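Take a look at the structure below.
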Amino acid sequence: MKTGASLPNVTFRTRVRDESVGGPNPYRWQDMTTADYFAGKRVVLFSLPGAFTPTCSTYQLPGFENGFADFQAQGIDAIYCMSVNDSFVMNKWAEAQGLKNVTVIPDGSGEFTRKMGMLVDKDNLGFGMRSWRYAAIVNDGKIEAWFEEPGLMDNCPEDPYGVSSPETVLNWLVAANAEVAA
């Protein structure tokens, strides 16, 4: 994926809370499209190998969650976390992480991730097909800045993390905004 490219148009199968459903699991299916999430907004999108995994749960997701106000101050409307996990898993992970600021997007079938060119085989970890770790600044569905971890490959023996970190993305935004202001 490159700067200036448009995001692929896909439909995400999500589960949303709806008290009218009743019972112990008051959720219903709601299809959301790429346009629903990205049209008319400037957002941070970051994708990672899996919900509940160590680096994702300890550093990347909490960093974006806790830094939300700093991202807003740099002109970001929303922060989205995507993973090749189904909506049930993503919702439980969001609950376990106590998310208030980051919205999780389930790419259960990996369609979006594949079309982004970021779907990799992680059979060496027993994961199957998952996302390579990356982040992007997306403005109205177009990639403004791209942050991809090095070494993109199937069954990578390592899990590189740094290029797509909240700190790196925020530093880029601060520098880009300072350049515009100058």
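Normalised by 2.2 N^0.38 Å, with N the number of residues, the alpha-carbon radius of gyration of region 1-96 equals 1.19.
Contact order, relative form, for region 1-131: 25 percent (alpha carbon pairs under 8 Å, 6 or more residues apart, mean separation divided by residue count). Each of Lys115 and Thr11 was given a label point 7 Å from its Cα along the Cα-to-Cβ line. The distance between the two points is 1.2 nm. Against the empirical curve 2.2 N^0.38 Å, the C-alpha radius of gyration of region 23-62 lands at a ratio of 1.62. Mind checking which of Met116, Ser87, Val163 is farthest towards the positive end of the chain's charge dipole, using Cβ charges of +1 (Lys, Arg) and -1 (Asp, Glu) about the Cα centre? Of Met116, Ser87, Val163, it is Ser87. Ordering Thr53, Thr168 by accessible surface, largest first, gives Thr168, Thr53; the 1.4 Å probe counts only protein heavy atoms, with every chain in place. Taken one residue at a time, the phi angles of region 66-75 give Karplus couplings (6.51, -1.76, 1.60, θ = phi - 60°) of 6, x, 3, 4, 5, 5, 4, 4, 9, x Hz. Gly and Pro are set to x. Between Lys142 and Lys2, the contour length at 0.36 nm per residue exceeds the alpha carbon distance by 49.4 nm.
Accessible surface comparison of Lys2, Lys122, Lys100, Lys115, probe 1.4 Å, protein chains only, largest first: the order is Lys100, Lys2, Lys115, Lys122. Here region 76-182 is treated with +1 on each Lys and Arg Cβ and -1 on each Asp and Glu Cβ, and its dipole about the Cα centre works out to around 200 debye. When the chain is treated as a GNM with alpha-carbon contacts under 10 Å, the residue of Cys56, Cys156, Cys81 showing the greatest mean-square fluctuation is Cys156. Once you've got the Cα coordinates, tell me which of Lys41/Lys100; Lys2/Lys41; Lys122/Lys142; Lys41/Lys115 are over 24 Å apart. Over 24 Å apart, Cα to Cα: Lys122/Lys142.
Remark: region 1-93 carries a charge dipole of roughly 160 debye about the Cα centre, counting +1 on each Lys and Arg Cβ and -1 on each Asp and Glu Cβ. What's the FRET efficiency of Tyr161 with Asp70 using the Cβ-Cβ distance as r and R₀ = 30 Å, to the nearest 0.05? The pair Tyr161/Asp70 has a calculated efficiency of 0.95. The residues neighbouring Gly75, those whose beta-carbon lies less than 14 Å from its own, together hold a net charge of -3 under the Lys/Arg +1, Asp/Glu -1 convention. Here the accessible area of region 46-100 is 51 percent carbon and sulfur, with a 1.4 angstrom probe and all protein chains present. Full extension of the chain between Asp31 and Thr168 gives 46.1 nm of extra length, using 0.36 nm per residue less the Cα-Cα distance.
Loop-located GluC sites (Glu not before Pro) in region 80-182 (DSSP state other than H, G, I, E, B) with a sparse environment of at most 15 neighbouring Cβ atoms within 10 Å: Glu158.
Kirkwood analysis of region 120-182, using all unique Cα-Cα pairs, places the hydrodynamic radius at 13.3 Å. DSSP beta bridges fully contained in the chain are about 70 percent antiparallel.
Among the trypsin sites (Lys or Arg not before Pro) in region 20-78, those placed in a DSSP loop whose Cβ has at most 16 other Cβ atoms within 10 Å are Lys41. A simple spin-label model places pseudo-atoms 7 Å from Cα toward Cβ; at Glu95 and Met129 they are separated by 2.8 nm. Backbone amide hydrogens, once placed in the peptide plane, bring Ile105 within less than 5 Å of Cys81, Met82, Ser83, excluding anything fewer than 5 places away on its chain.
The values are calculated or read from the model by the stated rules, or taken from the named source; none is laboratory data. What you are looking at is a predicted structure, and each value in this text was computed from that prediction instead of being measured. In this analysis, Cβ positions are derived from the backbone assuming ideal geometry, glycine residues included, and neighbour counts consider all displayed protein chains. In case anyone asks, the SASA skips ligands and DNA or RNA and just uses the protein heavy atoms, side chains included. Shrake-Rupley method; radii C 1.70, N 1.55, O 1.52, S 1.80 Å.
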